[in-house]
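Bear in mind these aren't lab numbers, they're just calculated from the coordinates by the rules spelled out. These numbers come from a predicted model, not from an experiment. Reconstructed Cβ throughout: ideal geometry from the backbone, glycine too, with neighbour counts over all protein chains shown.
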Amino acid sequence: MWKVLQELLPIVLVILFITQLVIPMVFNLQTWWLFRPSKKKTTNPSSLSEEIETVKAVVDEAKAKANEVIEKAEGNLKSAEDLKNAAEKLK
């Protein structure tokens with residue numbers, strides 16, 4: 001068992017070295033990420049309220065565009081019904 005451990009330990013160390021230091025340095029990532037505690041991101045209340053305002057503006061624009069499309073569709077629907085009635089009258 002000690003022989004197996006002696007052979008596996010260097011392999012594990014090399015794998016950790018490659019995955020935690022070499023690859024992150026090559027791809028410009030965080031090194032030793034496996035052993036660092038995760039940091040919780042906090043949001044700034046002022047930036048959150050600003051984001052809410054911008055989202056509200058986008059939603060209002062989308063609602064206005066949707067209402068325009070609905071009005072156009074209703075107008076086309078009415079004209080199609082009128083054409084149908086006119087065609088029926090010609091029969």
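Axis angle, to the nearest 10 degrees, between helix 2-17 and the longest C-alpha principal axis of the chain: 50 degrees. In summary, the aspartates and glutamates within cross-link reach of Lys84, defined as a Cα separation below 19 angstrom excluding same-chain residues under 8 places away, comprise Glu74.
If you bin all the Cα-Cα distances of the chain at 10 Å, starting from zero, the percentages per bin are 12, 14, 13, 13, 12, 11, 10, 8, 4, 2, 0. Taking chymotrypsin sites (Phe, Trp or Tyr not before Pro) as exposed when their DSSP state is a loop state and no more than 13 other Cβ atoms lie within 10 Å, the longest site-free interval of the chain runs over 33-91. Computed from Cα atoms, the angle from the helix 45-90 axis to the main principal axis of the chain rounds to 40 degrees.
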